[in-house]
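This report concerns only the one structure given below.
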Amino acid sequence: MKILTAFFRLVRWPNLLFIAITQVLFEYCVYRKLYPASVNPQETEQFLLLIAASVLIAAAGYIINDYFDLNIDQVNKPGKVVVSAIINRRWVIFWHMFLSMVGFFCTVAALPLSGYWHLVLGNMASIVLLWFYSTNLKKQLLVGNVLISVLTAWVIGILFFAKHPLHIQRGIAVEPVDIRFFRYSVLYGAFAFIISLIREVIKDMEDKEGDRKYGCRTMPIVWGLNASKVFVAVWLIVLVAVLSVLQFYVLPFGWWQSVLYCFVCIIAPLLWILYKLFPAQSAKDFHQLSTLVKLVMFTGILSMIFFRIYL
């Protein structure tokens, strides 16, 4: 039982659940609301395989990250180390390889190579990039942060391109419903990218001491805490501004509940994070901010439910 609990901690099961919820809401609240007549059992099977692929590849990424971060984690969070302490390093590598392969095969099973080769390549690239992120890229200034943010947005992107695989060759279709679907995909993909980038930099502030000890060149180490805070603050302000403009855009359509939800559950917490950012100094302070950002990620994704109500 101890090993099973440790394994679920190793793969970050709450984050995997978050990925699955994101894709389920996007599928059922956005896509199937816009295209109710196009849904069939084959498409449902494809969707379930894509969820499995996304979750398994992410789990493999978390595993290999902990494998290579063992020394850093022993400094930053000594009481939460799983690799070597509970699960043998060889088994950690085995589970990384096994989950990666199963995730890749789920992708191939969901997406025929003849029409979706770019998506199969995308998930294969995700597996490879997560390996290089863990071994080297996460230690580089901004490179690892941007990579993780792109892969977070890919959770939405792969579903969009699975519905419109030929857009890469022929451009976006001119049908109004397709354009709306594209806009909603960009909206949530961009939100996922920005909020993930904010959280990644805050986590780097939290883990600064361990990262510095083992030669990492993260933003707080290279630029310093104050410059890193300014970087995060700029993105917070951009996100709040864009979300506020969007609320005024949807008001004429009578989406009052959606607007209220966004201001209370997304914009207000973002402003609170901004308010608490500059006084923060300790790892505990940054951990609290990181947790709050993660909560905002969740409330942002839950806003898809309003598309089910209003569309």
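Relative to the present Cα-Cα distance, how much length would full extension add between residue 164 and residue 182 at 0.36 nm per residue of separation? Before the final figure, lay out each step's value.
On the way: separation 18, 0.36 × 18 = 6.48 nm, distance 0.95 nm.
Full extension from residue 164 to residue 182 adds 5.5 nm.
At 0.36 nm per residue, and after removing the present C-alpha to C-alpha distance, how many nm does the segment from residue 250 to residue 109 gain when stretched out fully? All intermediate terms of the calculation are to be shown ahead of the outcome.
Working: separation 141, 0.36 × 141 = 50.76 nm, distance 3.89 nm.
46.9 nm is the gain from fully extending residue 250 to residue 109.
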Of 194-206, 23-35, 75-87, 146-158, ordering from highest average Cβ density within 10 Å down gives 194-206, 146-158, 23-35, 75-87
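So how strong a dipole does the chain carry about its Cα centre when Lys and Arg Cβ are +1 and Asp and Glu Cβ are -1, to the nearest 20 debye? Display every interim value, and only then the final one.
Working: 26 positive and 15 negative charges, 98 e Å.
It comes to approximately 480 debye.
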Expressed in nanometres to one decimal, the distance between label points 7 Å along Cα→Cβ at residue 90 and residue 143 is 3.3
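How large is the helix-only mean residue ellipticity at 222 nm for the chain, computed as the sum of -39500 (n - 2.57) over DSSP H runs with n ≥ 4, divided by its residue count, in deg cm²/dmol to the nearest 500?
Details: 16 runs with 237 residues, N = 311.
That comes out to -25000 deg cm²/dmol.
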To the nearest 0.05, the calculated FRET efficiency linking residue 135 and residue 6 through their beta-carbon distance, R0 being 25 Å, is 0.65
Sorting 236, 19, 122 by the position of each Cα along the dipole of the chain (Lys, Arg +1; Asp, Glu -1; all at Cβ), the one nearest the positive end of that ordering is 236
Residue-ordered couplings for the range 30-46, obtained by feeding phi - 60° into the Karplus form 6.51 cos²θ - 1.76 cosθ + 1.60 and rounding to whole Hz (Gly and Pro as x), are 10, 4, 6, 6, 7, 10, x, 7, 8, 6, 9, x, 5, 5, 5, 5, 4
Computed from every Cα-Cα pair in the chain, P(r) in 10 Å bins starting at 0 and rounded to whole percents is 6, 25, 33, 25, 10, 1
The simple spin-label model distance between residue 124 and residue 214, using points 7 Å out along Cα→Cβ, in nm, is 3.0
Per the 1/(1 + (r/R0)^6) rule, R0 = 25 Å and r from the Cβ atoms of residue 21 and residue 44, FRET efficiency to 0.05 is 0.90
Between residue 230 and residue 298, the two model label points (7 Å from Cα along the beta-carbon direction) sit apart by a distance in nm of 3.4
Beyond 24 Å (Cα-Cα) in this structure, taken from 80/229; 139/203; 77/203; 138/163; 2/138, we find 80/229; 138/163; 2/138
From the Cα centre of the range 10-49 to that of the range 80-95, the distance in Å is 31
With the 8 Å Cα cutoff and a minimum separation of six or more residues, the chain has a relative contact order in percent of 21
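A short reminder: the numbers here are calculations on the coordinates, not readings from a lab. Being a predicted model, the structure only gives us computed values, none of them experimental. We place every Cβ from the backbone using ideal geometry, glycine too, and count neighbours over all the protein chains shown.
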